[in-house]
Amino acid sequence: MSTDANDIPARPQAAPSTGASGTGRVDPLAFAQALIRCPSVTPEEGGALDWLEARLAGAGFRCHRLPFSAPGTPDVDNLFARIGAGAPHLCFAGHTDVVPPGDERAWTHPPFAAEVADGVLFGRGAVDMKGAIACFLAATLRHLAQCPEGVPKGSISFLITGDEEGPAINGTAKVLDWMAREGEIPDHCLVGEPTNPKALGEEIKIGRRGSLRAELTLTGRQGHVAYPHLARNPIPAMLAILDAFLAEPLDAGSAHFDPSHLEITSIDVGNRTANVIPAEVRAAIAIRYNDRHRRADLETMLREKARQALQTVEGGDGLAMDLRFTGHGDAFLTTPGRFADTLAEAVQAVTGRVPALTTSGGTSDARFIRKHCPVIEFGLVNETIHAVDERTPVTDLAALTDIYARFLDGYFAAFSEGRPASPPSSAISAG
Ligand SMILES: [Zn+2]
């Protein structure tokens, strides 16, 4: 059983006073199927942005396609679309690009066919995150159908990138730069990443941890195990350094964050010979950290621990140490308040669940948006993201559309007319 996504009207039926009568044709399932059928594996646009732009333009949005390029990375297309001119300005942010399907034969239903079986929609991007884009589009069309002249009390915009799953260089960050130049920065942003572990309504993300990777290389001198005094084995020193990294927890957590965590993800020597002392050992370390740290402080602390540990090992001063860091940026938090409350109320009204306001999980493009405005995240259930047979119950698409529609109503009621369009800047704290 599958629904055909063709001939969906772009514009909601005009039914200003009874929006519900216009909702029959605004079907988030059909929207999600149309998007999944666009094979938009990063960096391919795959027709997904074209499809979305046509729907938004048909509803009266002003649309801008924003292709960006940079040396050493593929060109990527992006879309910014806005309806309305004034405040409050709510932006929905997301991505139409998807990760590759992997072995397509392992899928129960082809990854780009968007088939529905037993009430479940299968396809790459069903939850990460074409499903949420479909729901937000459906909710927006429903909301606009209730607005006089089909225009909201302030503004609604879509910031949709094709470069979230890739290097994220030609995507959201550059669109935000463009938006800043054009005066299009919103007052608030909702990212539609899948945030729920098991059931719709469990979690709203109000921040994200920082992410830091370290690559540690120790170089000594190769030699014969029978003549160790002629060689310099770097492995004991590596063990001492890693032991020092793990000796104490980084912290005990903070008000809205779990404890920071350091994980050793690899130790490599590559030595297949039993009688050779190797010259080099490498280790990789991944750290997810909360708002009690900043990247520069963490780097300084790890360098100092490594230096001290090296001194405790015999011959350690004869080894060359190279410690390099790469990172995704510090932790951030959008302090709970009226914005998150408005979404939480909508979630509870539709699902009966009181969502937890959390900061766990991986990074998302919210890390770029938080530099410009308060940002929170809520979407589908994330159990099958990036997996074979990525899927979502069709009922979740309907419920998420209801949540987003209620949120739009609540947002414009809470932030229009005499109320401040934006909370004070202290509402965003970068940890
Ligand atoms: Zn995603």
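The values are calculated or read from the model by the stated rules, or taken from the named source; none is laboratory data. All values reported here derive from a predicted model rather than from experimental measurement. Virtual Cβ from ideal backbone geometry, glycine too; neighbours counted across all protein chains shown.
When we screen 207, 253 for residues that are surrounded by fewer than 18 Cβ atoms within 10 Å (Cβ to Cβ), out of contact with any helix residue (DSSP H, G or I) (no Cβ under 7 Å at 6 or more places or on another chain) and farther than 19 Å from residue 302 by Cβ, the only hit is 253.
So which residues in the stretch 320-344 are within 15 Å of residue 234 (Cβ to Cβ) and surrounded by 22 or more Cβ atoms within 10 Å (Cβ to Cβ), if there are any at all?
Here is the first cut: in the stretch 320-344, the ones within 15 Å of residue 234 (Cβ to Cβ) are 320-323.
Across the stretch 320-344, there are no qualifying residues.
Summed over the stretch 165-188, the residues that are within 15 Å of the ligand (Cβ to nearest atom) and either buried (at least 24 other Cβ atoms within 10 Å of the Cβ) or outside the structural domain of residue 89 (by TED's automatic domain parsing) (or both) give a count of 2. Scan 120, 151 and give me the residue that is within 24 Å of residue 398 (Cβ to Cβ) and away from the ligand (no atom under 16 Å from the Cβ). One residue alone meets the criteria, 120. The test for being in contact (Cβ under 8 Å) with a residue 12 or more places away in the chain and either within 20 Å of residue 286 (Cα to Cα) or not assigned by TED's automatic domain parsing to the domain that holds residue 405 (or both) does not hold for residue 349.
Of the candidates 180, 173, the single residue that is among the small types (Gly, Ala, Ser), over 19 Å from the mean Cα position of the chain (by Cα) and modelled with pLDDT of 95 or more is 180. For residue 363, the conditions (1) at pLDDT 95 or above; (2) under 22 Å from the mean Cα position of the chain (by Cα); (3) in the same structural domain as residue 201 (by TED's automatic domain parsing); (4) not charged (D, E, K, R) all hold with the exception of (1).
Listed residues 101, 43; which is touching a Lys or Arg at 6+ places or on another chain (Cβ under 7 Å), in a loop (DSSP other than H, G, I, E, B) and within 16 Å of the ligand (Cβ to nearest atom)? Full working, then the answer.
Details: 43 fails: touching a Lys or Arg at 6+ places or on another chain (Cβ under 7 Å).
Answer to the check: 101.
Checking each residue in the stretch 345-366 for being surrounded by fewer than 22 Cβ atoms within 10 Å (Cβ to Cβ) and part of a helix (DSSP H, G or I) picks out 345, 348, 349, 350, 351.
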